[in-house]
Amino acid sequence: MVSRSYSNLLDLTSGDSPTFGREKKRFPRVATVAGVLSELDDDNSNSVGSDAPSSIAQERMIIVGNQLPIRAHRRDDGEWYFSWDEDSLLLQLKDGLGEDVEVVYIGCLKEEIDPSEQDDVAQTLLDTFKCVPAFLPPELFSKFYHGFCKQHLWPLFHYMLPLSPDLGGRFDRSLWQAYVSVNKIFADKVMEVISPDDDFVWVHDYHLMVLPTFLRKRFNRLKLGFFLHSPFPSSEIYRTLPVRDELLRALLNSDLIGFHTFDYARHFLSCCSRMLGLSYQSKRGYIGLEYYGRTVSIKILPVGIHIRQLQCVLNLPETESKVAELKDQFRGQTVLLGVDDMDIFKGISLKLLAMEQLLIQHPDKRGRVVLVQIANPARGRGKDVREVQVETDATVKRINETFGREGYNPVVLIDTPLQFYERIAYYVIAECCLVTAVRDGMNLIPYEYIICRQGNEKLDETLGLNPTAPKKSMLVVSEFIGCSPSLSGAIRVNPWNIDAVAEAMDSALMVPEAEKQLRHEKHYRYVTTHDVAYWARSFLQDLERACRDHMRRRCWGIGFGLGFRVIALDPNFRKLSVEHIVSAYKRTKNRAILLDYDGAMMLPGSIITTPNTEAVGILNNLCNDPRNVVFLVSGKDRKTLTEWFSSCAKLGIAAEHGYFVRSNHNAEWETSVSIPDFDWKQIAEPVMQLYTETTDGSTIETKESALVWNYQYADPDFGFCQAKELLDHLESVLANEPVSVKSGQHIVEVKPQGVNKGLVAERLLLTMKQKTMLPDFVLCIGDDRSDEDMFEVIMSARDSLSPVAEVFACTVGQKPSKAKYYLEDTTEILRMLQGLANASEKAAKSAPQPSQRVVILE
């Protein structure tokens with residue numbers, strides 16, 4: 001599948017947009033919306049923004065998968081002709097999107113197209129099928145699909161670690177580069193047809209996991225969903241992947257991420273927590289991850305089957321004839337059926353060993369029970385596939401030689417391709433279906449079996465059944481496959497326990513007829529109401545919900561290459577201009593300045609927590625301006641702050657989040673809230689000590705006014721669970737005490753009621769008002785949740801401010817906040833404060849000094 005639109009691998013992995021050598025001149029819907037994408041990369045000139053109004057209003061879904069739902073055929077004259085692949089899930093899901101939704105497909109063709117024919121083939125597919133093919137060079141496709149996808153992602157996602165070169169092989173950087181290259185080519189194909197403000201994009205499966213990054217980079221407000229059809233491994237397995245962070249961050253550029261089961265979603269969320277430090281919340285039944293101001297929604301819903309297609313095949317005369325043939329072939333015998341791909345995760349050999357065990361333990365089953373194993377050709381290739389084939393053939397031969405006799409083979413292995421109607425016929429005549437995969441994403445074989453066992457009147461007549469009688473079926477399924485949770489009437493087994501599987505097979509045959517009918521009815525009701533159309537419709541509804549606020553938020557793109565992400569913020573949130581605030585500072589005379597020390601003036605994550613000389617100098621310069629009242633607010637204790645800022649005589653300090661307040665170095669420490677006693681500590685501390693002893697890595701920080709349990713260095717999941725338990729425990733034992741128990745970032749804190757940083761801001765502004773010093777300039781800087789109380793006070797304190805007051809509430813970093821401004825980091829904050837200090841120094845040199853004002857908080 002060769003394309004002239006192929007660019008260098010290293011260029012693609014760098015994060016720059018590829019330049020294609022071929023143009024699609026005849027595509028009718030190439031996106032040419034004008035606009036500029038706000039991001040920090042250097043390659044923005046080719047980006048298309050989604051802020052501009054769209055010229056197309058019709059709702060449209062662009063479905064992107066590794067393969068198009070198209071079958072290609074060559075006529076005798078050498079011309080290509082195409083037809084829909086009715087078995088493709090991507091085609092079947094169209095039924096759930098509604099007739100008013102236009103669907104466009106993007107993917108590869110299974111057949112290789114000569115470069116000279118690619119333009120004509122592409123145009124034919126677009127005009128006739130609304131399909132956009134991605135043509136890949138054979139070498140690139142091999143590295144992408146058979147290399148990275150099948151040697152790295154697929155085994156790892158099925159819990160197989162590359163412990164030796166024979167088990168998946170070591171990580172190969174060139175295969176990763178090929179994977180990224182193909183995803184970039186797919187992104188470019190989406191670019192050819194997308195109308196970013198109108199279209200939804202739905203990306204499918206692990207082949208295209210980094211595609212969301214490339215699409216989000218070009219369209220900040222793209223409505224983008226991703227569904228993973230394979231398992232997602234536990235964090236202990238996933239963390240071994242060298243490009244683990246890149247894949248996680250790429251997926252988080254989606255608006256909605258779908259999984260078949262809660263287990264898969266839970267593993268993904270655990271990986272995001274442990275590797276990226278992200279936490280999730282469940283709100284009104286929806287799970288969401290907060291990622292740079294965007295909420296990435298998590299969807300849990302197993303895919304269904306296309307029932308109408310199955311029923312059409314059931315009605316074929318060929319199916320009826322095949323059922324009659326199989327009925328005669330297995331007359332007097334009970335058929336157990338297995339339908340699996342010939343790969344290492346489908347557990348075919350374990351199923352055969354269980355059948356062997358059944359015949360050993362239950363001699364009465366010999367001659368009466370037959371296992372028909374349909375082995376579909378493997379999708380991958382390699383040594384492991386050949387080993388499975390050899391083992392399967394040898395096991396079947398041994399069982400048949402041991403237990404077979406003339407006219408009877410206990411195992412019938414069908415390893416040649418079957419027509420769909422032939423497979424359906426085996427479903428119809430099988431008394432029980434066995435799915436013993438050791439790991440599988442979903443596996444729809446049980447669903448197909450249930451529908452086929454329901455049958456129709458013609459098949460009932462062929463089988464000699466009463467059409468009005470209830471139908472029956474039995475399922476034995478592995479507990480490690482995605483459909484297992486939804487089949488509550490199935491016999492669930494651990495496929496590794498061969499004895500247990502053999503007993504389950506025997507139990508399935510011995511279940512009373514009435515119970516078989518009840519189990520079948522229960523499964524049939526579920527499968528028919530949760531078909532592929534229901535799945536697609538539900539996903540689209542959740543995607544629409546997840547994208548509702550796109551146009552209301554302001555978006556910035558930051559980061560390079562696969563580290564790119566979009567920050568979504570309130571429309572009024574903007575970066576604080578140093579020139580703007582200095583200009584306002586020079587015009588004003590009564591200034592209130594509130595600074596959080598812990599995150600705003602100290603580098604986050606720094607081992608050294610003491611203030612540096614530069615910061616102390618800036619604070620002194622600001623304090624020496626008689627027009628300023630400067631307060632430093634911190635969560636640290638008053639003794640530490642007194643030592644650190646002993647040289648700042650005029651600096652006001654609030655310690656322990658505002659419980660202790662001191663107006664200047666010579667003033668006495670006061671408490672902002674009257675607390676009669678701290679007897680509650682005698683109750684809280686032993687409880688915290690209990691959780692500290694049972695949670696490795698946790699500590700207790702004892703303050704004069706508060707107790708803090710910190711689990712920053714504990715296991716994230718266990719620490720989080722323990723924190724929830726501790727919170728409940730403390731709220732229970734301290735219910736009658738005048739304290740508040742709150743959880744924060746890796747902490748649980750107990751402190752007196754009413755104590756917060758907002759109290760400092762409130763008292764400062766009120767005191768200045770009482771001293772007839774209405775502030776006409778207020779600056780408040782903070783970096784975390786505890787500082788939001790200060791922001792809220794100064795933003796709503798108009799009665800305590802001058803009518804012409806200029807208020808600057810500024811947070812550190814671009815994130816959701818009650819502040820209206822932000823600065824990127826501590827360096828920018830110190831630069832801005834230095835600008836204010838310089839303005840004060842210049843003013844002092846050019847004007848006579850008024851007497852210094854001291855504000856005592858009352």
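Among the trypsin sites (Lys or Arg not before Pro) in segment 367-407, those placed in a DSSP loop whose Cβ has at most 15 other Cβ atoms within 10 Å are R368, R379, R381.
A 1.4 Å probe run over segment 677-763, with the rest of the protein chains in place, finds 51 Å² accessible per residue.
Scalar couplings 3J(HN,Hα) for segment 528-542, obtained by applying the Karplus form with A = 6.51, B = -1.76, C = 1.60 to θ = phi - 60°, are 6, 8, 10, 7, 5, 5, 4, 4, 5, 5, 5, 5, 5, 4, 5 Hz; x denotes Gly and Pro.
Applying the criteria of a DSSP loop state and at most 10 other Cβ atoms within 10 Å to the GluC sites (Glu not before Pro) of segment 351-454 yields E406.
Say R0 is 56 Å: what FRET efficiency, to the nearest 0.05, do V390 and M275 get from their beta-carbon distance? With R0 = 56 Å, the Cβ-Cβ based efficiency is 0.90.
Each of R587 and I360 was given a label point 7 Å from its Cα along the Cα-to-Cβ line. The distance between the two points is 9.1 nm.
Subtract the Cα-Cα distance of S116 and R74 from 0.36 nm times their separation in residues, and report this length gain in nm to one decimal. All intermediate terms of the calculation are to be shown ahead of the outcome.
Details: separation 42, 0.36 × 42 = 15.12 nm, distance 1.53 nm.
Going from the current span to full extension adds 13.6 nm.
A 1.4 Å probe, protein heavy atoms only, puts the accessible area of S297 near 10 Å². With a Förster radius of 35 Å applied to the beta-carbon distance between D100 and D328, the computed FRET efficiency rounds to 0.10. For segment 455-487 versus segment 333-379, the spacing of their alpha-carbon centroids is 18 Å. Using alpha carbon centroids, what distance separates segment 614-673 and segment 71-130, in Å? After rounding, the separation between the Cα centres reads 71 Å.
Please compute the per residue accessible area over segment 130-215 with all protein chains in place, 1.4 Å probe, rounded to a whole number of Å².
The answer is 25 Å² per residue.
Here is the list for segment 445-525: chymotrypsin sites (Phe, Trp or Tyr not before Pro) lying in DSSP coil, each with at most 15 other C-beta atoms within 10 angstrom of its C-beta, are W496. Maximal additional length on extending the S796-E401 stretch stands at 133.5 nm, based on 0.36 nm per residue less the C-alpha distance.
For the pair Q753/L163, report the inter-label distance in nm, with labels modelled 7 Å from Cα in the Cβ direction. Taking the simple label geometry, Q753 and L163 are separated by 5.8 nm. Overall, the accessible surface of the chain at a probe of 1.4 angstrom is composed of carbon and sulfur to the extent of 49 percent.
For segment 378-526, the number of Lys pairs with C-alpha atoms closer than 28 Å, counting only pairs eight or more positions apart or on separate chains, is 9. Taking 7 Å steps out from each Cα toward its Cβ at Y286 and T609 produces label points 3.9 nm apart. What FRET efficiency would be calculated for the residue pair S488, Y534, taking the C-beta separation as r and a Förster radius of 25 Å, to the nearest 0.05? Result of the calculation: an efficiency of 0.90. Pairs from the list K589/K771; K110/K130; K751/K818 with a Cα-Cα gap above 20 Å: K751/K818. Cross-link partners of K639 among aspartates and glutamates, defined as those whose alpha carbon lies under 12 angstrom from its own and excluding same-chain residues fewer than eight positions apart: E656, E704. The long axis of helix 445-454 is offset from the longest Cα principal axis of the chain by roughly 50 degrees. For segment 309-348, the residues whose amide N sits under 15 Å from a probe point set 7 Å from the Cα of K458 along the beta carbon direction are 309-325.
The length gained by stretching the chain between Q712 and S674 to full extension, at 0.36 nm per residue less their Cα-Cα distance, is 10.5 nm. Counting only protein heavy atoms and a 1.4 Å probe, segment 268-356 has 40 square angstrom of accessible area per residue.
The values are calculated or read from the model by the stated rules, or taken from the named source; none is laboratory data. These numbers were taken from a predicted model, which means no experiment stands behind them. As a convention, Cβ positions derive from the backbone with ideal geometry for all residues, glycine included, and neighbour counts pool all protein chains shown. Please note that ligands, DNA and RNA were not included when accessible areas were found on the heavy atoms of the full protein model with its side chains. Shrake-Rupley method; radii C 1.70, N 1.55, O 1.52, S 1.80 Å.
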